[in-house]
Amino acid sequence: MNPLLAFEGVQKHYGPIVALGRVTLRIEAGTVLALLGPNGAGKSTLLGCLLGLTLPSAGSVQFRGAPLAEADRRGFGYLPERVALYPRATVWENGRFFARLRRQPAVELERQLIRVGLADARRHLVRQLSKGMLQRLGLAVALCGQPEVLVLDEPFNGLDPAWLETLQGIVREERDRGATLLIATHTLSAIEPLATHLAVLLAGRLAASGSVAGLRAVYAGVPSLEALYHRIARPQVTLGAAAVAA
(Lines give C-alpha, C1' and ligand atoms only; values in the text may rest on other atoms or scores of the structure.)
Protein backbone atom coordinates (compact mmCIF):
# COMPACT_ATOMS: atom_id res chain seq x y z
CA MET A 1 0.00 0.00 0.00
CA ASN A 2 1.40 3.39 -1.02
CA PRO A 3 1.84 6.07 1.64
CA LEU A 4 -0.01 9.34 1.17
CA LEU A 5 3.25 11.31 0.97
CA ALA A 6 6.79 10.15 0.27
CA PHE A 7 10.09 11.99 0.11
CA GLU A 8 12.33 9.78 -2.01
CA GLY A 9 16.04 10.57 -1.69
CA VAL A 10 15.36 14.30 -1.56
CA GLN A 11 18.45 16.49 -1.72
CA LYS A 12 18.78 20.26 -1.68
CA HIS A 13 22.10 22.03 -2.29
CA TYR A 14 22.83 25.74 -2.16
CA GLY A 15 26.20 25.80 -3.85
CA PRO A 16 28.55 23.87 -1.56
CA ILE A 17 26.01 23.88 1.29
CA VAL A 18 23.96 20.69 1.69
CA ALA A 19 20.60 21.69 3.19
CA LEU A 20 19.12 18.21 2.68
CA GLY A 21 21.05 15.03 2.04
CA ARG A 22 19.12 12.08 0.56
CA VAL A 23 16.08 12.29 2.85
CA THR A 24 13.68 9.38 2.42
CA LEU A 25 10.52 9.64 4.50
CA ARG A 26 7.10 8.05 3.99
CA ILE A 27 3.96 9.40 5.65
CA GLU A 28 0.68 7.50 5.91
CA ALA A 29 -2.71 9.20 5.64
CA GLY A 30 -4.07 10.43 8.99
CA THR A 31 -0.61 10.82 10.52
CA VAL A 32 0.29 13.73 12.80
CA LEU A 33 4.02 13.97 12.08
CA ALA A 34 6.22 16.02 14.41
CA LEU A 35 9.21 17.22 12.38
CA LEU A 36 11.98 17.89 14.90
CA GLY A 37 15.53 19.18 14.75
CA PRO A 38 17.70 22.16 15.73
CA ASN A 39 17.80 25.41 13.79
CA GLY A 40 19.36 24.86 10.38
CA ALA A 41 18.58 21.13 10.37
CA GLY A 42 16.58 21.38 7.13
CA LYS A 43 13.01 21.26 8.43
CA SER A 44 11.75 24.32 6.57
CA THR A 45 13.66 23.27 3.44
CA LEU A 46 11.96 19.87 3.50
CA LEU A 47 8.55 21.49 3.89
CA GLY A 48 9.45 23.91 1.09
CA CYS A 49 10.10 20.97 -1.23
CA LEU A 50 6.68 19.58 -0.33
CA LEU A 51 4.89 22.89 -0.86
CA GLY A 52 6.65 23.87 -4.07
CA LEU A 53 8.42 26.82 -2.45
CA THR A 54 11.77 25.33 -3.48
CA LEU A 55 12.78 22.60 -5.92
CA PRO A 56 14.85 19.60 -4.80
CA SER A 57 18.31 19.35 -6.30
CA ALA A 58 17.72 15.60 -6.59
CA GLY A 59 15.12 13.07 -5.54
CA SER A 60 11.36 13.49 -5.66
CA VAL A 61 8.24 14.08 -3.60
CA GLN A 62 5.40 11.61 -4.22
CA PHE A 63 1.68 11.94 -3.50
CA ARG A 64 -0.41 8.77 -3.57
CA GLY A 65 2.40 6.98 -5.38
CA ALA A 66 2.80 9.54 -8.19
CA PRO A 67 4.96 12.65 -8.54
CA LEU A 68 3.46 15.51 -6.53
CA ALA A 69 1.78 18.01 -8.87
CA GLU A 70 0.69 21.61 -8.41
CA ALA A 71 -2.93 20.47 -8.61
CA ASP A 72 -2.30 18.25 -5.57
CA ARG A 73 -0.85 21.15 -3.60
CA ARG A 74 -4.08 23.11 -4.04
CA GLY A 75 -5.58 20.70 -1.56
CA PHE A 76 -2.90 21.48 1.05
CA GLY A 77 -3.11 24.06 3.84
CA TYR A 78 0.00 25.89 5.03
CA LEU A 79 0.75 28.07 8.05
CA PRO A 80 4.28 29.54 7.75
CA GLU A 81 6.37 30.50 10.75
CA ARG A 82 6.07 34.18 9.76
CA VAL A 83 2.65 35.05 8.39
CA ALA A 84 2.88 37.65 5.58
CA LEU A 85 -0.26 39.78 5.26
CA TYR A 86 -1.28 43.22 4.02
CA PRO A 87 -0.90 45.51 7.08
CA ARG A 88 -3.25 48.30 5.90
CA ALA A 89 -6.09 45.92 5.08
CA THR A 90 -8.54 44.45 7.58
CA VAL A 91 -8.67 40.91 8.92
CA TRP A 92 -11.62 40.17 6.63
CA GLU A 93 -10.02 41.76 3.55
CA ASN A 94 -6.83 39.76 4.03
CA GLY A 95 -8.67 36.55 4.73
CA ARG A 96 -11.02 37.01 1.80
CA PHE A 97 -8.14 37.69 -0.61
CA PHE A 98 -6.23 34.56 0.34
CA ALA A 99 -9.38 32.42 0.59
CA ARG A 100 -10.25 33.42 -2.99
CA LEU A 101 -6.78 32.34 -4.11
CA ARG A 102 -7.64 28.97 -2.62
CA ARG A 103 -11.06 29.08 -4.36
CA GLN A 104 -12.92 29.11 -1.06
CA PRO A 105 -16.20 30.98 -0.48
CA ALA A 106 -16.77 33.71 2.10
CA VAL A 107 -18.88 31.39 4.23
CA GLU A 108 -15.92 29.02 4.65
CA LEU A 109 -13.64 31.88 5.72
CA GLU A 110 -16.29 33.02 8.20
CA ARG A 111 -16.47 29.50 9.64
CA GLN A 112 -12.72 29.34 10.15
CA LEU A 113 -12.51 32.85 11.65
CA ILE A 114 -15.09 31.77 14.22
CA ARG A 115 -13.08 28.63 14.86
CA VAL A 116 -9.84 30.54 15.59
CA GLY A 117 -11.61 33.24 17.64
CA LEU A 118 -11.27 36.14 15.18
CA ALA A 119 -14.89 36.67 14.12
CA ASP A 120 -15.21 39.80 16.27
CA ALA A 121 -11.94 41.22 14.90
CA ARG A 122 -12.89 41.07 11.23
CA ARG A 123 -12.80 44.90 10.84
CA HIS A 124 -9.46 45.34 12.63
CA LEU A 125 -6.49 46.43 10.53
CA VAL A 126 -3.83 43.73 10.32
CA ARG A 127 -1.16 46.22 11.44
CA GLN A 128 -3.02 46.48 14.77
CA LEU A 129 -2.94 42.75 15.47
CA SER A 130 -0.70 40.99 17.96
CA LYS A 131 1.61 38.21 16.80
CA GLY A 132 -0.82 35.62 18.13
CA MET A 133 -3.75 37.17 16.23
CA LEU A 134 -1.71 37.26 13.02
CA GLN A 135 -1.03 33.57 13.46
CA ARG A 136 -4.73 32.90 14.01
CA LEU A 137 -5.60 34.65 10.77
CA GLY A 138 -2.95 32.67 8.90
CA LEU A 139 -4.33 29.46 10.37
CA ALA A 140 -7.90 30.37 9.43
CA VAL A 141 -6.82 30.74 5.79
CA ALA A 142 -4.83 27.49 5.92
CA LEU A 143 -7.87 25.62 7.27
CA CYS A 144 -10.25 26.84 4.56
CA GLY A 145 -11.63 24.00 2.48
CA GLN A 146 -10.77 21.15 4.84
CA PRO A 147 -7.29 20.49 3.40
CA GLU A 148 -6.20 16.88 3.02
CA VAL A 149 -2.66 17.82 4.09
CA LEU A 150 -2.02 20.57 6.65
CA VAL A 151 1.53 21.89 7.11
CA LEU A 152 2.32 23.99 10.19
CA ASP A 153 5.79 25.54 10.57
CA GLU A 154 6.57 26.43 14.21
CA PRO A 155 2.90 27.02 15.13
CA PHE A 156 3.43 26.98 18.92
CA ASN A 157 6.07 29.72 19.26
CA GLY A 158 5.25 32.38 21.85
CA LEU A 159 1.63 31.36 22.36
CA ASP A 160 -0.30 32.25 25.51
CA PRO A 161 -1.72 29.20 27.33
CA ALA A 162 -5.32 29.79 26.20
CA TRP A 163 -4.48 29.97 22.49
CA LEU A 164 -2.07 27.06 22.79
CA GLU A 165 -4.89 24.92 24.16
CA THR A 166 -7.22 26.11 21.38
CA LEU A 167 -4.62 25.33 18.71
CA GLN A 168 -4.03 21.87 20.13
CA GLY A 169 -7.79 21.31 20.00
CA ILE A 170 -7.90 22.36 16.34
CA VAL A 171 -5.05 19.96 15.51
CA ARG A 172 -7.00 17.15 17.17
CA GLU A 173 -10.15 18.07 15.22
CA GLU A 174 -8.22 18.05 11.95
CA ARG A 175 -6.66 14.69 12.81
CA ASP A 176 -10.06 13.25 13.72
CA ARG A 177 -11.62 14.28 10.39
CA GLY A 178 -8.79 12.41 8.61
CA ALA A 179 -6.33 15.15 7.67
CA THR A 180 -2.61 14.41 7.53
CA LEU A 181 -0.56 16.97 9.49
CA LEU A 182 3.13 17.83 9.28
CA ILE A 183 4.19 20.06 12.16
CA ALA A 184 7.73 21.45 12.41
CA THR A 185 8.37 22.62 15.95
CA HIS A 186 10.87 23.18 18.75
CA THR A 187 8.06 23.22 21.35
CA LEU A 188 8.13 19.55 22.29
CA SER A 189 5.77 19.84 25.25
CA ALA A 190 3.06 21.25 22.94
CA ILE A 191 3.38 18.57 20.25
CA GLU A 192 3.76 15.62 22.65
CA PRO A 193 0.02 14.98 23.21
CA LEU A 194 -0.68 15.31 19.47
CA ALA A 195 2.04 13.52 17.49
CA THR A 196 1.51 9.99 16.21
CA HIS A 197 4.86 9.92 14.37
CA LEU A 198 8.26 11.62 14.56
CA ALA A 199 10.94 12.53 12.07
CA VAL A 200 14.20 13.97 13.39
CA LEU A 201 16.44 15.95 11.03
CA LEU A 202 20.05 16.71 11.95
CA ALA A 203 22.34 18.66 9.61
CA GLY A 204 20.06 17.95 6.66
CA ARG A 205 19.86 14.20 7.21
CA LEU A 206 17.13 12.02 8.66
CA ALA A 207 18.42 10.74 12.00
CA ALA A 208 15.28 8.79 12.93
CA SER A 209 11.65 8.37 11.92
CA GLY A 210 8.72 6.21 12.90
CA SER A 211 5.71 6.03 15.14
CA VAL A 212 5.99 7.54 18.60
CA ALA A 213 5.13 4.16 20.11
CA GLY A 214 7.69 2.35 17.98
CA LEU A 215 10.52 4.78 18.77
CA ARG A 216 9.69 4.66 22.46
CA ALA A 217 9.95 0.89 22.32
CA VAL A 218 13.41 1.19 20.74
CA TYR A 219 14.54 3.73 23.34
CA ALA A 220 13.06 1.95 26.35
CA GLY A 221 12.58 3.93 29.52
CA VAL A 222 12.29 7.33 27.81
CA PRO A 223 9.77 9.31 29.90
CA SER A 224 8.85 12.09 27.44
CA LEU A 225 9.03 13.23 23.84
CA GLU A 226 11.76 15.70 24.76
CA ALA A 227 13.84 12.94 26.32
CA LEU A 228 13.27 10.76 23.25
CA TYR A 229 14.42 13.57 20.96
CA HIS A 230 17.59 14.10 22.98
CA ARG A 231 18.34 10.37 22.99
CA ILE A 232 18.17 10.39 19.19
CA ALA A 233 19.94 13.72 18.62
CA ARG A 234 22.82 13.68 21.10
CA PRO A 235 24.71 10.64 19.75
CA GLN A 236 24.48 12.18 16.26
CA VAL A 237 25.77 15.54 17.49
CA THR A 238 28.60 13.83 19.36
CA LEU A 239 29.49 11.82 16.25
CA GLY A 240 29.56 15.00 14.18
CA ALA A 241 31.80 16.77 16.68
CA ALA A 242 34.17 13.80 16.74
CA ALA A 243 34.40 13.83 12.95
CA VAL A 244 35.22 17.54 12.95
CA ALA A 245 37.88 17.02 15.64
CA ALA A 246 39.45 14.20 13.63
Residues satisfying the stated conditions in region 71-86, i.e. modelled with pLDDT of 95 or more and exposed (fewer than 14 other Cβ atoms within 10 Å of the Cβ): Y86
Note on region 41-61: residues of a type outside the set (A, V, I, L, M) and assigned to a helix (DSSP H, G or I) are K43, S44, T45, G48, C49
Looking at V61, V18, can you tell me which residue is closer than 28 Å to Q146 by Cβ and of a type outside the set (F, W, Y)? V61
Is it true that some residue in region 51-66 is farther than 22 Å from A208 by Cα and of a type in the set (D, E, K, R)? yes
When restricted to V107, V23, V18, the only residue buried (at least 19 other Cβ atoms within 10 Å of the Cβ) and of a type in the set (V, I, T) is V23
Sort out which residues of region 96-121 are within 21 Å of E154 (Cβ to Cβ) and in a helix (DSSP H, G or I), and write them in order of number. F98, Q112, R115
Here are L33, L25: which of them is under 20 Å from L228 (Cβ atoms), touching a His at 6+ places or on another chain (Cβ under 8 Å) and part of a strand (DSSP E or B)? L33
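The values are calculated or read from the model by the stated rules, or taken from the named source; none is laboratory data. Bear in mind that the values here come from a model prediction, so they are computed numbers and not experimental data. Glycine also receives a Cβ, built like all others from the backbone with ideal geometry; neighbour counts cover every protein chain displayed.
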